[in-house]
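Please treat every number below as a calculation from the coordinates, not as lab data. Predicted, not measured: the structure shown is a model, and the values here were computed from it. So basically every Cβ, Gly included, is an ideal-geometry build from the backbone, and we count neighbours across all protein chains shown.
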Amino acid sequence: MSEKVSQVDAVIVSDYGKGFVSNELLSLVRKSSKFLAIDPKPSRLLDYSEPDLLTPNRMEALELAGMSRESRGVFPALQVVESIFNIHSPEMLAITLGGEGMLLAKSGNVERTIPTAAREVFDVSGAGDTVIASLTLALTAGQSFEQAAEFANLAAGVVVGKVGTATVSPEEILSL
């Protein structure tokens, strides 16, 4: 695995809770000094500390922050962000909020919330995967966190407008 990691600019770890992702794998990637983006599965109790990018959805963010997933009403953004940065120390945090867009935080501070780019939603399958892949691509290509998030938001907006797990092409993004 370390040979493969040495050949790339970034590593995306999407933990689906199937047992492939382990603390040993995360440690190996951290030691490589490669850009590390993690889409966590908080119920797995793995060491998700110190990634370059952490991309939980709303429920995962609450869990990572040690808060109840049962929270209804207004998302406690400031508390969640503060707690996640204190516990996991990501460089950047992008919390996907479904129809409410994406919350961006850096250095423990909320930067902004980007409204969703989706026009019509047919299927949210793969939206989180699209976000982490697009963010990682843009960040490793030299874009700012905010620019990368805008790009990822556009890509996810295209994907949720399709039925089933889908992909997005450069042409589809450029046409927006």
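With both partners inside the chain, how many of the DSSP beta bridges are antiparallel, as a percent to the nearest 5?
50
Per residue and in Å³, how big is the convex hull formed by the alpha-carbon atoms of the chain?
122
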Could you list which residues have their amide H under 5 Å from that of N57, counting only those 5 or more apart in sequence or on another chain, with H placed in the peptide plane? T96
Cα gyration tensor category, rounded, prolate or oblate, for region 85-175 with a/c compared to 1.5: prolate
Hey, what do the phi angles of region 96-103 turn into as Karplus ³J(HN,Hα) couplings, whole Hz, using 6.51/-1.76/1.60 and θ = phi - 60°, x for Gly and Pro? 7, 10, x, x, 8, x, 9, 9
For a quick check: with amide H placed at 1.01 Å from N, whose amide H comes under 5 Å from E111's, ignoring anything fewer than 5 positions away on the same chain? L104, A105, K106
Subtract the Cα-Cα distance of Q79 and N23 from 0.36 nm times their separation in residues, and report this length gain in nm to one decimal. 17.5 nm
For region 98-141 and region 32-86, write down the distance between their C-alpha centroids in whole Å. 14
Rounded to the nearest 500, what is the 222 nm mean residue ellipticity of the chain from helices alone, with -39500 (n - 2.57) per DSSP H run of 4+ residues and division by all residues? -11000 deg cm²/dmol
Where a ≥ b ≥ c are root eigenvalues of the Cα gyration tensor, a/c under 1.5 meaning rounded, otherwise prolate if a/b exceeds b/c and oblate otherwise, region 3-82 counts as prolate
Tell me which chymotrypsin sites (Phe, Trp or Tyr not before Pro) from region 109-176 have a DSSP coil assignment and no more than 13 other beta carbons within 10 Å of their own. F122
In region 68-171, which GluC sites (Glu not before Pro) are in a loop and have at most 11 other Cβ atoms within 10 Å, using DSSP for the loop call? E70, E120
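Longest segment of the chain with no trypsin sites (Lys or Arg not before Pro) in a DSSP loop having at most 15 other Cβ atoms within 10 Å?
It runs 120-176.
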Partner aspartates and glutamates whose C-alpha sits under 20 Å from that of K162, ignoring same-chain residues fewer than 8 away, are E100, E120, D123, D129, E150, E171, E172
Using DSSP H assignments, which helices in the chain have an axial alpha-carbon span of 15 Å or above and a mean Kyte-Doolittle hydropathy of -1.0 or higher? 77-88, 127-140, 145-159
Based on the Cβ-Cβ distance from E50 to E171, what FRET efficiency comes out when R0 is 35 Å, to the nearest 0.05? 0.45
How large is ³J(HN,Hα), in whole Hz, for each residue of region 160-172 in order, when computed from phi with the Karplus curve 6.51 cos²θ - 1.76 cosθ + 1.60 and θ = phi - 60°, using x for Gly and Pro? 6, x, 10, 8, x, 5, 10, 10, 10, 9, x, 4, 5
Please work out how many pairs of lysine residues in region 1-152 are eight or more positions apart (or on different chains) and have Cα atoms closer than 20 angstrom. 4
Lys/Arg +1, Asp/Glu -1 at C-beta; region 2-174 dipole; positive extreme among T136, N86, I173: N86
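Could you size up the charge dipole of region 2-174 around its Cα centre, putting +1 on the beta carbon of Lys and Arg and -1 on that of Asp and Glu, and report it in debye to the nearest 20?
Magnitude of the dipole: close to 240 debye.
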